[in-house]
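Taking it in order: structure first as structure tokens, then the write-up.
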Amino acid sequence: MVLPKEENLVYGIKLSSIGPGRSTGSDAVHDLSNMDLAMKLHYLKVVYFFNSHAAQGLTMLRMKETMFDWLNEYYYTSGRLRRLESGRPYIKCNDCGARFIEAQCDKTIDEFLEMKDSSLQNLLVSQQVIGPELSFSPLVLIQVTRFRCGGISLGLSWAHILGDAFSASEFINRWGQIVSGIRPNKTPNFPKSDAQTESESESESSKNLPLSKDKDPLSMKQVDPVGDHWITSNSCKMDTFWFPISASQLATIRAEISGENQFDQIPIFESLCAIIWKCVVKVREQAPPKIVTMCKSDPRKPTNGNLSNTQIISTVEAGFSITKETGPKNLATLLINQAVDERSQIEELVERDHGVSDFMVYGAKLTFVDSEEANFYGLELNGHKPDFVYQSIQGVGDEGVVLVLPEPKDSCKNKNDHGRIVTIIFPENQMAELRSELVKNGLLLDGNLT
């Protein structure tokens with residue numbers, strides 16, 4: 001619950017909608033893949049902080065003007081959801097637009113971040129979800145907040161049904177290019193009419209996806225029907241906090257897990273996940289998680305500019321009893337060698353009832369998300385990258401999520417030599433004990449406990 005004092009931090013809210021500068025037409029649609037529909041109850045929240053030099057000359061009018069060309073390229077992000085007769089959702093490309101939110105804050109960016117309260121980040125990015133009326137719900141919401149120091153934050157609320165974090169960063173980075181004067185070099189290729197697509201979309205997906213008799217994916221959980229209000233409830237209150245891990249901390253952690261052998265170094269992401277997994281085992285000693293989910297970028301993802309959910313979703317299942325004595329190296333080895341890609345199984349499960357059922361991925365099992373390749377720091381305004389980027393996820397299940405991001409790219413040219421930002425979404429009644437375990441294991445410093 002946001003306290004009145006916190007509400008007053010951000011004020012002067014103004015709402016408008018911005019659509020493509022060119023009419024898409026009356027019969028264009030965007031079909032949603034089974035993978036898209038598997039993620040429909042999740043929302044990515046990203047807040048970019050830019051200093052006054054980056055924001056210089058960027059009036060609200062200037063930002064809106066550049067968005068017309070931007071949304072021409074990604075016209076379906078301005079559409080609204082509809083359902084086929086079977087109940088399967090699709091996007092009607094009707095140019096209804098993305099929601100644009102203007103706001104102000106009387107603190108400086110430094111003062112705002114120094115409060116170290118993750119809930120305050122929610123004031124800088126819309127928390128609106130899809131529904132209860134699909135035809136009136138924007139898929140993308142952008143909030144620009146001006147701070148007393150002259151800097152701005154840019155909050156992106158992104159319906160995961162449009163694509164994963166790698167698509168979301170590509171989407172917003174393209175706007176930065178247009179602000180810099182790099183104009184589109186091609187005309188959008190609008191899809192065929194909705195009448196044709198509605199009759200063919202299901203048959204095409206069924207034809208191209210042979211259903212197997214393999215077991216259901218462990219990474220995904222079916223939830224009670226949510227109807228047209230796309231959010232699911234938790235059985236407990238969830239809490240969020242983030243903290244930095246310095247390059248020197250990472251070096252110490254990797255040395256402790258991998259030893260002195262430079263040829264057998266465990267990657268940073270798996271090292272962090274292993275230690276956090278061990279901490280969660282200690283917190284949930286009565287029912288330690290033996291199965292976890294990992295989400296990572298797919299190096300084979302096509303680079304054709306299409307937004308999609310192509311991230312690798314894999315599960316790791318320990319074939320032995322995990323206790324508080326289980327070493328992080330054993331867990332890291334599992335994460336590296338035993339990860340099973342479940343995307344095909346997820347698609348098959350969604351296809352069984354033609355994309356109508358509702359599912360949860362993030363937090364169905366304890367989930368680790370590697371956002372290293374998402375290129376959040378690729379967004380530039382006036383030649384300046386963001387000073388800091390905060391990422392979170394809305395719609396996380398009770399098992400929790402751990403997001404690992406790089407710290408600002410300018411801090412070091414070699415990505416293995418800079419630190420990381422970790423965001424954890426976890427049951428509130430377990431968070432204090434988890435923080436304590438993170439301190440004991442060298443991830444969280446006492447100064448970041450506030």
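Report, to the nearest whole %, how much of the accessible area of the chain belongs to carbon and sulfur atoms, 1.4 Å probe, protein only. Numbers along the way, then the final one.
On the way: 9420 of 19210 Å².
Result for the chain: 49 percent of the exposed heavy-atom area is carbon or sulfur.
Please state the charge dipole magnitude for the chain, taken about the Cα centre, from unit charges on C-beta atoms (+1 on K and R, -1 on D and E), reported in debye and rounded to the nearest 20. Numbers along the way, then the final one.
Numbers: 46 positive and 58 negative charges, 129 e Å.
The calculated dipole for the chain is roughly 620 debye.
Of His42, Ile101, Val422, which is farthest on the positive side of the dipole of the chain, counting Cα position, with +1 on Lys and Arg Cβ, -1 on Asp and Glu Cβ, and the Cα centre as origin?
So the residue we want is Ile101.
Over all distinct alpha-carbon pairs, what is the Kirkwood Rh of the chain in angstrom?
Taking the inverse mean of 1/r over all distinct Cα pairs, the chain comes out at 22.8 Å.
What list of ³J(HN,Hα) values in whole Hz, one per residue of the stretch 343-358 in order, does the Karplus curve 6.51 cos²θ - 1.76 cosθ + 1.60 (θ = phi - 60°) give from phi, with Gly and Pro shown as x?
Calculated HN-Hα couplings, in order: 4, 5, 5, 5, 4, 5, 5, 5, 6, 4, 10, 6, x, 8, 5, 10 Hz.
At 7 Å along Cα-to-Cβ for each site, give me the label-to-label distance between Asp298 and Lys116 in nm.
Distance between label points: 4.0 nm.
For the modelled label position 7 Å from the Cα of Glu428 along Cα-to-Cβ, which residues of the stretch 280-323 have backbone nitrogen atoms closer than 20 Å?
284
If you place +1 on the Cβ of every Lys and Arg and -1 on the Cβ of every Asp and Glu, how big does the dipole about the Cα centre of the stretch 222-365 come out, in debye to the nearest 20? Numbers along the way, then the final one.
On the way: 14 positive and 18 negative charges, 95 e Å.
About 460 debye.
Tell me whether the stretch 278-418 comes out rounded, prolate or oblate; compute the Cα gyration tensor, take square roots of the eigenvalues as a ≥ b ≥ c, and use a/c under 1.5 as the rounded threshold.
On the way: a/c = 1.95, a/b = 1.24, b/c = 1.58.
It comes out oblate by the Cα gyration axes.
Identify the GluC sites (Glu not before Pro) of the stretch 54-100 meeting these criteria: DSSP loop state and at most 10 other C-beta atoms within 10 Å of the C-beta. Numbers along the way, then the final one.
Values: sites: Glu65, Glu73, Glu85; in loops: Glu85.
Sparse-neighbourhood loop GluC sites (Glu not before Pro): Glu85.
How much of the calculated P(r) for the stretch 1-147 lies past 27 Å, in percent of all Cα pairs? Don't skip to the end; give the middle numbers.
Values: 3445 of 10731 pairs.
That fraction is 32 percent.
Simple spin-label model, 7 Å along Cα-to-Cβ: Phe136 to Glu285 in nm?
5.2
How large is the accessible surface of Ile18 in square angstrom, using a 1.4 angstrom probe and rounding to the nearest 10?
10
The values are calculated or read from the model by the stated rules, or taken from the named source; none is laboratory data. Please read these numbers as outputs of a predicted model, since none were measured by experiment. Note that we place each Cβ from the backbone using ideal geometry, even for glycine, and neighbour counts take in every protein chain shown. With ligands, DNA and RNA removed, areas are computed over all heavy atoms of the protein, side chains included. Shrake-Rupley method; radii C 1.70, N 1.55, O 1.52, S 1.80 Å.
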